[in-house]
Structures are given as C-alpha cells and as structure tokens.
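The values are calculated or read from the model by the stated rules, or taken from the named source; none is laboratory data. Predicted, not measured: the structure shown is a model, and the values here were computed from it. Neighbour counts are summed over all protein chains in view; Cβ atoms, including those assigned to glycine, are modelled from backbone coordinates with ideal geometry. Remember, those area values only see protein heavy atoms, side chains included, never the ligands or the DNA or RNA. Shrake-Rupley method; radii C 1.70, N 1.55, O 1.52, S 1.80 Å.
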Amino acid sequence: MAPSTPLPPVARETLSTPARPELTGGRRVGVLLSHGITGNPTSMTPWGRHLADQGYAVEVPLLPGHGTTWEDANKTTWADWYGRITEVFDKLSAEVDSVVVGGLSMGGAVALRLAADRGDQVAGVVVVNPALASRRKDLLALPLLKHVVGGFPAIGNDIKKPGGNEYPYPKTPLKALHTFVQQWKPLIADLPRITQPLLIFRSADDHVVDSSSVPIITGRVSSRDVTERVLENSYHVATLDNDAETIFEESAAFVARVTAPAADVR
C-alpha cells in the first residue's frame, strides 16, 4: 500500500505565546491546550489565540505522530503524546504563576490525566467533548484488527459549520487508537484524584464521541466545582464550529476565576 500524502504545513503549526501580566492583574497565567487523536493544533489555535488576547501564556503543541501522515501516528503511542504534554506543562509551569489545562476529544483525556497526576500544580481543567469511553463494539476487536488493517475510516472534520477544516488524517490509525483506548480504564479509576475546578463542554450532536464519557467524568471526579455546558449547534470539533465563541468566552472567564488570588483572610 502506498503511503498517504502528508498534510499541509498548516497542520503542524503550533502556538506559543508569552504571559501578559499587565492584562491579568499582575499575575502570570498559563493555559495548555491539547488536540485529539488524528487531529493537530489547527483545531485548537483559534481558542488559544482568544485566550492569548486576554493576557494568558498559551501553549498548543503538536503531538508526536500528528500533522504529517496517519502512518506516522501508528508508530506512536499514548506515552509519546502524554510525554509531550507533560514536557510542555513543566516548561510553562516554570514561567507562570498558575496553569489551566484543556483539550478536545483525546486531548480532554490528556488534560484529565494531567490533572489527576499533578494535583494542585493544575489550577483548573477545561474539556471539550472528552473521550474516555465508547459504546462502539468494534473497538473490542482492536487488539486483532490493528494487525490486519492499518486504519479505520476517518473520524475528523465532524463540523456542522460550513467550510470548517481541521486538516485531519484521512484514516484513523488503529495501533495508535488502541494505545489510547487502553488508557481509559486507568484514567477512569483515577478520576477521583481530580479535585480541581472543571468546565465541560459537550455537543448535543457528536458523531465521534458518544454520550457515555461525560457522565463517567462528572460522576467520579472529586471536584466540587463542576460546570457542564451543552453546545446545541456544533458537532464534535466544537472549537471550530458554531459554538466556538461560547467556548472561547466562557473558558476565558473560567481561567480568570480559578487563577485569581485567594481572598485575604483577616
């Protein structure tokens, strides 16, 4: 089988902006956003730029095996993706006073994993259509299928808004997908370790991630500050869809709130 055509360079463009404490009351605040499997920073960059305009240091990295060809993704694993995110998180944490993490789809699972692992180093979590469960029966066959066929049909560009394009892979790499699915049970088991404020955006009509993930999250995290927002006019890639401004504005307000200095106790 001939290799697939590489994605255009725009799919590999990351975002990295410095903090502007003059816009945030003198505090240096960072936000780390992760894209999902088969995606790339294109789906996160408009969100990141909106947050950067508020004065936040923003990092939107490219995960290993992404932004090129789906065959490249099949050579990488969850450990590679999470390793990249933790590397960027450590760098950002050293430069700012507090960090909020967020992500789309698999990126939401990455953000939740980071919150569970890093505790109070993470000030808050924002996820959009997070994926850590599925009712799809064909996923049960991944251990075998990944050795028989390289990829499933594409799951990208589930966008209701005309003209939207996240430059996804044309196929879903099964070896890579399997390493992600294998992380669901450990992550679900560790959700009670998450105590940070949590903002969840969920599309009412999502053709990629079904409705099973969000109830698991809200039912198991230990966070006392949990907000769930239903997006009525967007599909899976809501960060590029009709409700994008809602995500941008409400997440910016969330970041401002959860990173505000604690009130003086007198």
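Scanning residues 5 or more positions from residue 226 or on other chains, those with amide H under 5 Å from its amide H are 198, with H placed 1.01 Å from N in the peptide plane.
For the listed peptides 202-213, 218-229, a ranking on the average number of other beta carbons within 10 Å per residue, highest first, reads 202-213, 218-229. Count Lys and Arg as plus one, Asp and Glu as minus one, and take only other residues whose Cβ is under 12 Å from that of residue 256; the net charge is then 0.
Listed by chain and number, the lysines placed with their C-alpha closer than 16 angstrom to that of residue 175 are 75, 146; residues fewer than eight positions away on the same chain are left out.
Give me the accessible area per residue for the chain, probe 1.4 Å, as a whole number in Å². Mind dumping the intermediate values first?
Working: 11580 Å² over 266 residues.
Per residue, the chain has an accessible area of 44 Å².
For residue 50, the solvent-accessible surface with a 1.4 Å probe is about 40 Å², rounded to the nearest 10. Ignoring ligands, DNA and RNA, please state the percent of accessible area on the chain from carbon and sulfur, probe 1.4 Å. Within the chain, the accessible surface is 52 percent carbon and sulfur. Length available on full extension from residue 75 to residue 182: 0.36 nm per residue minus the Cα-Cα distance, which gives 36.9 nm. Annotation: amide H of residue 151 within the under-5 Å range of 174, sequence separation 5 or more or interchain, hydrogens built in the peptide plane.
Could you sort 243, 80 by accessible area so the largest value comes first, with the probe set to 1.4 Å? Can you show the working numbers first?
Working: 243 25, 80 65 Å².
Ranked from most to least accessible, the order is 80, 243.
Neighbours of residue 10, meaning other residues whose beta-carbon lies under 15 angstrom from its beta-carbon, give a summed charge of 0 when Lys and Arg score +1 and Asp and Glu score -1. Net length available on complete extension from residue 229 to residue 5 is 76.9 nm, with 0.36 nm assigned per residue and the Cα-Cα distance removed. Listed cross-link partners 161/185; 91/160; 137/185; 137/160 are compared with a 28 Å cut-off, the Cα-Cα value being larger for 161/185; 91/160.
Overall shape: prolate for the chain, with the ratio a/c of the largest to smallest alpha carbon gyration tensor axis at 1.5 or above and a/b above b/c.
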